[in-house]
Structure formats: structure tokens, C-alpha cells
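Everything on this sheet refers to the single structure shown next.
The values are calculated or read from the model by the stated rules, or taken from the named source; none is laboratory data. Predicted model, so just to flag it, every value in this text is computed and none were measured. Here the Cβ positions follow ideal geometry from the backbone for every residue, glycine too, while neighbour counts run over all protein chains shown.
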Ligand code: BES
Ligand code: MN
Ligand code: ZN
């Protein structure tokens, strides 16, 4: 999808599809919609009066120019109530429009910048939302279809972003570029998650990350099992043993150009990337096991955030650590009751080989200490229990540092990747006590997301740390007006927004 920012007026735009918008509850069109309505002799006012167009967020309404406009079709996308309007709503309206455009087989459309006029958003932010939303809404995963290009619903080649006010053009231009960087990174993360696990092995994941990292100028290093052994990553390697595929530890570093690195904050992101989670010897039931290809969603989000940070040259030092392996029940696999030693010397008794995510994160988090970060955030499809607690919209946020927590909450609100605070309840730490090792790694079914977080805390070091449990948000079961079902890319945009907050 290419973007072109153009100074122009909707009523003069020759295009297959012109996207304009309407606030919910508005009875007389304003702004760009007014110009279109006048050209169409009040047709839109009539549709509103008839009650067939409400302007609800996610609603789209298609009509035809009938020769009265240079545009062949007009698509009105709802912005919701003006009182609730902000950047997330502008992004969603753009996503709904792009999704509908693709369903219409339109390969080029022109759109106004939703929210930049009557909506009162800064031109840059509104333009970013339009580009980002368009990319997210038009996304499909078709790599394994013979008709990969989708003859019936081809990819959208170009989006023309119209801005009437010449003074705002350069701001719109910059916003569109930012939205493109963010949207493309998020869609890249979705591709990785949707990718079948026989194709996306740990080595293939590493290859793809390296390819992208090099293209945007990230520093990148990939450690294999030999190097991990030398570092003493016995916890991570314990999980990797059951698989014939070699585990990979991917280290990404964003060092912005034109800044004194020592004066910038360092943020370390750590992502779980189990390319497939069978459960290992504690094997999972067959029924929904196929979905466990999404168990690398945290790693994908981490890599995507670093890629976008580099593209935007954010003024901060960001580190992305991605712990990639399969969790398989091979002949050499780890067993319940086995004891492993993590990089920090902590011994851990394995109770369920299906609690593999915390084992790979433990060593990755120890490794993060090397960078002496100002903040550390891990992101993982860690526990089924988080879905029981929070459902499929909200990810669990575990964080005892107020500043980091509020930055993450804010990033969640702004990006629509919503978080909900969960407790690092100290009394439950004793559920991880065992007679055999320093600690066992599970604390039973009740409060399973909390004990998982308490386990991770043992490896988090002293700086502010947050844990994001995205097990129930990484994969969406249903289509929505804004996105197709499947991988959501959850966390990519959120983490980027967090990096932006530290860069400010
Ligand atoms: N990858 C799973 C968690 C998961 C569950 C992700 C559902 C996405 C959807 C994780 O490795 C896991 O198996 N967790 C166990 C932990 C238990 C054994 C303590 C779980 O949640 O059942
Ligand atoms: Mn598991
Ligand atoms: Zn897992």
C-alpha cells in the first residue's frame, strides 16, 4: 500500500472511491461531507434523515456519484459520537473504510484526514491514524493460497490522502509517514504470527528478523544453542531440548543517529517466541493445539516495535530480545521434576513442561541486565488464565512501578491495544516454593497468571519492570469491522508508543 498526500478538495477529486466521514448524531453534514452533500443535491442529508446512516464507529455507507461528482463512489465512514472522539476512533474509522474498500475490489481510493477538521485532532496525529488504520484494515494473510494476490479482492495499491489546507500539508505528510512505519510493522508482526510453524521455525524467524533489521539499520545478533550454553542459559535450553529445530536468541539494538547515546534512556523489551507450543511432555489436548503457532506473538511484537523505532529514528536506546524455540516432546525433552539452572544461578524445578514461556523468558530477562536498562518490559502469550480473567480485548499488565505502569496504560489507550492492571500479589510467591530447588515454576491453576508473573519477577533485576500477558489478545477469533480474524499483532503498536514516551 502506497500513500500519496495531496492538496485538494473532495468535490473535485476524480477517484474510484472517495472516503469521507460523519459523526454519530449529526443531522446536517459538515466539513468535507457538506461539500459532497451539496454536489449531490442533499442526497446525504436525505439518507441521514431517513435513518439509514447513523455515523456509528465501524459503520460504513456506500453511495454513487451519479455523475454529479468526479468520484465514482463515495464511502461514508462513521466516527462515533464527537464527545468520544480521539485518535483511536480516527484509526478505527480509517480501518473500517479500508476494509470495506478492499471488499469492494477497489485498488485505489482517496480519503480525507478523519478528525483533522471538526474532530479537532492535530493534523499529524490524524494523518498518522489514517495511514495506520488503512494498513490495519486492509490486511489479509494469503501467503499459502494459490491465488495469493486475491483476484476478487486484490491488495489496495494506493491511498491518496486529501488535505484542503496547504498550510497543513507537511504535517500531514509526516503523520502519514509515521502511520505507514507503524502500520507496516504491525502487519509484519501479524504475518509472522499467522505463518504456519513448519515454515516459521526459530531459524526462519531469526532470518526474517535479521533481514528487516538490516534494512532499517538496527544492530542485530543471533545466538545459537552453543552460545546460549556458554552464557549459562540452562532454563531456555531446557525447553529447546525437546525439539530438533535449533533455538535462537535474537538481540536487536536501536541506536539512534545524531544523538549522544549515553544521554538517552535505555528500554529493554523481551519477547516470548515459542514458534509452536505442543506443551512438550506435558502435552496439550489436540483440539485447539493448532492455535499454538501464535505463541511467538510477544517476540513478533518486540521485533516490530524495534523496526518501527529505527524507521522513525526515535531518540532513545532500545533493546529487543527475542527468545525463540519450539516446545516439543522429543526423546531428549525436559520432564516434569527436572531441575534447570538459569543464567543468574537460580535453580528451577519443572512441574509442567507446558509452562515453557517463563523458562525462556527467565534467561532472556537475565541477559537484558547487560544493558543496564532504565526500564524492562516483557511481552508473552504466557497463560490461558489471563483470558479467563480479562477476555480477548484486554491484555494483563503486571507492574509495580507507577511511572512505567501509567506510560503503558496510556500507550494502551492511545493505540487501542488495551491493558488492564493485574496484581503482583506477594503472598502468592510462596506457591512457588519447593523442597527440591530454589523455586518451582508453577503455582497451580488458581491465580495462574499472577504466579507466572511472580516467577518472572525473580529474573527482572532492580529497574522498573512490567510484564504483559497477551495470551488472549494475540489471536482474534472473529472478524470485526476493523480487522480480519487471526493474528492481531497485539503489542507491536503499544510497545512502539511506549518507546515514544521514553523518547520524549
Ligand atoms: N502458550 C501457553 C499459553 C496460551 C494459552 C497462549 C492459550 C494462548 C492461548 C503457555 O505456554 C501455557 O501453556 N501455559 C499454561 C501454564 C500452566 C501449565 C501453568 C496454561 O496457561 O495452561
Ligand atoms: Mn505452554
Ligand atoms: Zn506457550
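Figures for the structure shown
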read-out: Residue 348, sole failed condition from (1) touching a residue at least 12 places away in the same chain (Cβ under 8 Å); (2) more than 22 Å from residue 212 (Cα to Cα); (3) within 14 Å of ligand 2 (Cβ to nearest atom); value: (3)
read-out: Output for segment 193-207, where each listed residue is farther than 21 Å from residue 490 by Cβ and not in a helix (DSSP H, G or I); value: 198, 199, 201
read-out: Residue list for segment 322-344, restricted to those being touching a residue at least 40 places away in the same chain (Cβ under 8 Å), more than 16 Å from ligand 1 (Cβ to nearest atom) and out of contact with any helix residue (DSSP H, G or I) (no Cβ under 8 Å at 6 or more places or on another chain); value: 330, 332, 339
read-out: Count - residues of segment 24-60 that are touching a helix residue (DSSP H, G or I) at 6+ places or on another chain (Cβ under 7 Å) and closer than 17 Å to residue 100 by Cα; value: 4
read-out: Qualifying residue in segment 308-329 (condition: in contact with a strand residue (DSSP E or B) (Cβ under 6 Å, 6 or more places away or on another chain) and either at positive phi or assigned to a helix (DSSP H, G or I) (or both)); value: yes
read-out: Some residue of segment 407-416 being at pLDDT 95 or above and within 16 Å of ligand 1 (Cβ to nearest atom); value: no
read-out: Tabulated pairs, segment 372-394, first closer than 15 Å to residue 491 by Cβ, second at pLDDT below 95 and near ligand 1 (Cβ under 8 Å from one of its atoms), C-beta under 8 angstrom, 6+ apart or interchain; value: none
read-out: Qualifying residue in segment 448-467 (condition: within 13 Å of the chain's Cα centre (by Cα) and in contact (Cβ under 8 Å) with a residue 60 or more places away in the chain); value: no
read-out: Some residue of segment 255-264 being away from ligand 2 (no atom under 14 Å from the Cβ) and within 29 Å of residue 346 (Cα to Cα); value: no
read-out: Residues within segment 1-25 that are crowded, with 19+ Cβ neighbours inside 10 Å and closer than 26 Å to residue 84 by Cα, tallied; value: 7
read-out: From 33, 69, 57, residue being in contact (Cβ under 8 Å) with a residue 40 or more places away in the chain, in the same structural domain as residue 176 (by TED's automatic domain parsing) and touching a strand residue (DSSP E or B) at 6+ places or on another chain (Cβ under 7 Å); value: 33
read-out: Long-range neighbours under 6 Å by Cβ, at least six apart or interchain, first residue at positive phi and outside any loop (DSSP other than H, G, I, E, B) within segment 269-281, second modelled with pLDDT under 95 and within 12 Å of ligand 1 (Cβ to nearest atom); value: none
read-out: Top-ranked residue in segment 436-447 [being in contact (Cβ under 8 Å) with a residue 40 or more places away in the chain and away from ligand 2 (no atom under 15 Å from the Cβ); ranked as farthest from residue 396 (Cα to Cα)]; value: 436
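Residues checked against (1) surrounded by fewer than 24 Cβ atoms within 10 Å (Cβ to Cβ); (2) more than 10 Å from ligand 1 (Cβ to nearest atom); (3) more than 19 Å from residue 497 (Cα to Cα):
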| site | (1), (2), (3) |
| --- | --- |
| 269 | no, yes, no |
| 286 | yes, yes, yes |
| 299 | no, yes, no |
| 306 | no, yes, no |
| 316 | yes, yes, no |
| 320 | no, yes, no |
